[in-house]
Amino acid sequence: MATDGKPGWNWLLWAGFALSVIAFLSYFAFFVEFPLTRNFPWANLLLFAIAAALLAVGIRRTFRPPKSYRGKIFGPILAGLSALIFGFFVFAIFVAARHLPASAAAPRVGVKAPDFTLSDSDNRPVSLANLLTEPISGAAPKGVMLVFYRGYW
Amino acid sequence: MAAISVDPPDASRNLRAKRGYTYTFLSDPDTAVIKRYDLLHPKAGPDEHDVARPAEFLLDPSGTVRWVNLTENYWIRATPGQLLQATSALR
């Protein structure tokens, strides 16, 4: 604490900035793994909110007597960088991710799915007809779920 | 259940081993099937590679589509619960 006239170390500003970075990265590194935290990034928005609160308190106390804290210059800079990170996160999750092809000609309910033959992970050819007819644990399949995904995992 | 992407069989084998997935993974590196299903997302992968947009189709034993999910935001995918609910229509 700044009792000897020297400005005190304003850890709130650094903690707020660090938490903003964590709030951004943790979505892609961790929270994206779970449907509950991926489909709406509430965990990350909560972290951003805590980061904003830390920065707000940190900046407030640089300008408030009686105690003096550092950060009159770098406080607003860290807050600005945090706001940029937040803005980029919102853009990446809610705006950029909506730029998807229309897929107007994708198979619709009631039509036959086009047949295909592709290699499985052991390089064996597998056709849609195989998937629809080959017994699973002794019984004929009741259906097939086709999941197309982006890849590069 | 079968998962389809542009990943080569090697990558899918590693992914299955790493995550313990037991269902079928199919490789469509030249995007022929992805295009046939109109799911191509051009240049959306790393290094501007073409990838599939996320999509799920439930087919009945005759190969007829019974349920489709085309997400509007690629972070939002069908949850395991939604897939299971869709399959309950086939029972």
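Here, each number is a calculation from the coordinates, and none is a lab measurement. Bear in mind the structure is a predicted one, so any value in this text is a computation, not a measurement. Cβ sites come from the backbone with ideal geometry, for glycine too, and all protein chains shown count toward neighbours.
In this label model, residue B:14 and residue A:25 are separated by 2.2 nm, measuring between points 7 Å along each Cα→Cβ vector.
Taking amide H as placed 1.01 Å from N in the peptide plane, residue A:119 has its amide H under 5 Å from the amide H of A:126, B:27, each at least 5 places away in sequence or on another chain. The aspartates and glutamates within cross-link reach of residue A:112, meaning a Cα-to-Cα straight distance under 19 Å and a gap of 8 or more places when in the same chain, are A:134, B:38, B:56, B:60. Relative to the compact-globule estimate of 2.2 N^0.38 Å, the Cα radius of gyration of chain B comes out at 1.14.
Mind checking A:91-102 for the average number of partner chain beta-carbons within 10 Å of each residue's beta-carbon?
Numbers: counts 0, 1, 4, 2, 1, 3, 6, 6, 5, 11, 9, 3.
Mean partner-chain Cβ count within 10 Å for A:91-102: 4.
Annotation: amide H-H contacts under 5 Å for residue B:3 (H modelled 1.01 Å from N, sequence separation of 5 or more, or interchain): A:147, B:24, B:25, B:26.
The lysines within cross-link reach of residue B:43, meaning a Cα-to-Cα straight distance under 24 Å and a gap of 8 or more places when in the same chain, are B:35.
Can you pull the Rg over Rh of the protein assembly as shown, Cα-only, Kirkwood? Intermediate results must be reported in sequence, preceding the final value.
Numbers: Rg = 24.3 Å, Rh = 20.9 Å.
My calculation of the ratio gives 1.16.
Would you tell me the mean number of C-beta atoms belonging to other protein chains that fall within 10 Å of each C-beta in B:60-71, as a whole number? Don't jump to the answer; show the numbers that get you there.
Values: counts 6, 7, 4, 13, 7, 9, 4, 3, 8, 1, 8, 4.
Average per residue, whole number: 6.
The order of the peptides A:62-73, B:27-38 by mean Cβ neighbours within 10 Å, most packed first, is B:27-38, A:62-73. Evaluating 6.51 cos²θ - 1.76 cosθ + 1.60 at θ = phi - 60° for every residue in segment A:18-28, the Karplus couplings come out as 4, 5, 4, 4, 5, 4, 6, 5, 5, 5, 6 Hz, glycine and proline recorded as x.
Mean per-residue shielding of peptide A:48-59 is 0, counting Cβ atoms of other chains within 10 Å of each Cβ.
Taken one residue at a time, the phi angles of segment A:138-153 give Karplus couplings (6.51, -1.76, 1.60, θ = phi - 60°) of x, 10, 5, x, 7, x, 9, 9, 9, 10, 8, 9, 5, x, 6, 7 Hz. Gly and Pro are set to x.
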